[in-house]
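One structure below.
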Amino acid sequence: MIHSLPNRNQLARLSLVGMRSMSGKVKEIEEQLRKDDAMEAPADLEGKVNLYALNQTRMEELLLDWGEPKFRAKQIWQWINVKGATDFDKMQDLPKGLRAKLAEKAVLGNLEIAVEQVSKDGTIKRAYKLKDGQMIESVLMPYDDGRRTACISSQAGCAMGCVFCATGQMGFARQLTSVEILEQVQRFHVELLSKGERLSNVVLMGMGEPLGNYNNVMEAVRRINQDLGIGARHITISTVGLVPRIRRLAEENMQIKLAVSLHAASDEERNAIMPVNLRFPLADLMETCKFYVEKTGRRISFEWALIAGQNDTPEVANKLGHLLKWNDFNPQGLNKMCHVNLIPLNPTAGFDGKPTKAAECDIFIKILSKYGVTATTRVRRGIDIDAGCGQLKSKLNKVSACAMIPFYGFDVR
Ligand code: SF4
């Protein structure tokens, strides 16, 4: 969700290519909102059951079907979700016969790792190949304070068409099933458990617009929370601003966090880079964010990729401050109910923007504070494997540059 913005020349070019394709995108966005995509669980791999796809009840049903006692389901569940077993042979308290049956009839996960890169800072970036050949990316970011954050994808491709984003340019391929979304988290969860560590946070900021795949994302989020034990407050859903879905999310009565990608503070600028803004302009989006805050009592994060000389100037900071203040989120103090995450651009091939320097970030933050808006700059992650992004992309041409999450901090507040 956090990517690079076009510079002025690119914007000019884009406006020529412009409004026709943008309005086509708006239709696509509306289509996605109409469909409300529910999807079946994926078919089993070569007739084998994916145990990651099963909740506890279904695990019990499976074991009973196999003529095994019900309590075996609990044992298997514990091995996978509490002890982090990645291999049936490790499940030592199961009878040998059952372990053999599991090896014959079941698998632990359907996602195939196509490429993996590990940064000096420990960040792991991984491209998974799905059963139908689609590619998605997941990232794991370890922090010094012990937190482990997974950033995962919600769709293969994306219909939102943000012009600065290669996934957007690639278009929408398909929704991920709830199991495909869950499994990205479960893989990191299990791997960390096996090392005596714990996955602490999940952010849905990889490929796709999570609220464009609402039902599957919510099902996955529930299971991440209930089955993997990751607190709802440690799960963040990011959106470019699908207004009806934000309203729906507000009614869910879940403690999850919401992050809204803004990147521009006027309709004119935002229309040029995010077609979703043509359908849901800033006034609607801000009104909806206000509704979300009032309904849930929860703070919203606004994501802002900072590009030197483009959207990091004092003038833009004032515009953003004014936008958020004007939409006064809370009479007691705006700063309590929203937070701006500033993310200096991570330079990538194919985009000539440069990251904002620390001193300018500080000025931006100071200006926002005059409007009562709190903001922090995110630490970028996995910088040293940036170059590898292009490498990965050329190897896997279906994986977009957008999906090559350029490792901004996903530490959403
Ligand atoms: S096109 Fe989709 S994946 Fe890319 S930034 Fe926009 S919403 Fe995110």
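Only the coordinates and a few stated rules stand behind these numbers; no lab work does. Remember, it's a predicted structure, so these values are computed and weren't measured experimentally. All Cβ positions, even for glycine, are placed from backbone atoms using ideal geometry, and neighbour counts span all protein chains on display.
One table, with the values for the structure above:
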{"item": "In Hz, Karplus ³J(HN,Hα) per residue of segment 232-240 (6.51, -1.76, 1.60; θ = phi - 60°; x = Gly, Pro)", "result": "4, 5, 9, 10, 10, 9, 9, 8, 7"}
{"item": "Cα gyration tensor shape of segment 157-287, rounded if a/c is under 1.5, else prolate or oblate by comparing a/b with b/c", "result": "prolate"}
{"item": "Fully extended contour minus Cα-Cα distance, from Lys357 to Lys195, at 0.36 nm per residue", "result": "54.6 nm"}
{"item": "Residue order, fewest to most surrounding Cβ atoms within 10 angstrom, among Ile124, Ile113", "result": "Ile113, Ile124"}
{"item": "Dimensionless Rg/Rh of segment 49-107 - Kirkwood Rh, Rg from C-alpha atoms", "result": "0.90"}
{"item": "Sorted by Cβ neighbour density within 10 Å, fewest at the top, the residues Cys162, Cys361, Cys151", "result": "Cys361, Cys162, Cys151"}
{"item": "Amide H partners (placed H, <5 Å) of Ile300, local residues excluded", "result": "Cys338, His339"}
{"item": "From phi via Karplus (6.51, -1.76, 1.60), per-residue ³J(HN,Hα) for segment 273-283 in Hz, x at Gly/Pro", "result": "10, 9, x, 4, 6, 5, 7, 10, x, 3, 4"}
{"item": "Sequence of Thr167, Thr313 once ranked by neighbouring C-beta atoms within 10 Å, starting from the fewest", "result": "Thr313, Thr167"}
{"item": "Under-5 Å amide H pairs with Ala106, H placed in peptide plane, nonlocal only", "result": "Val49"}
{"item": "Distant-in-sequence amide H partners of Ala305 (H built 1.01 Å from N, under 5 Å)", "result": "His263, Ile343"}
{"item": "Packing rank of 179-190, 211-222, where each peptide gets the mean count of other beta carbons within 10 Å, highest leading", "result": "179-190, 211-222"}
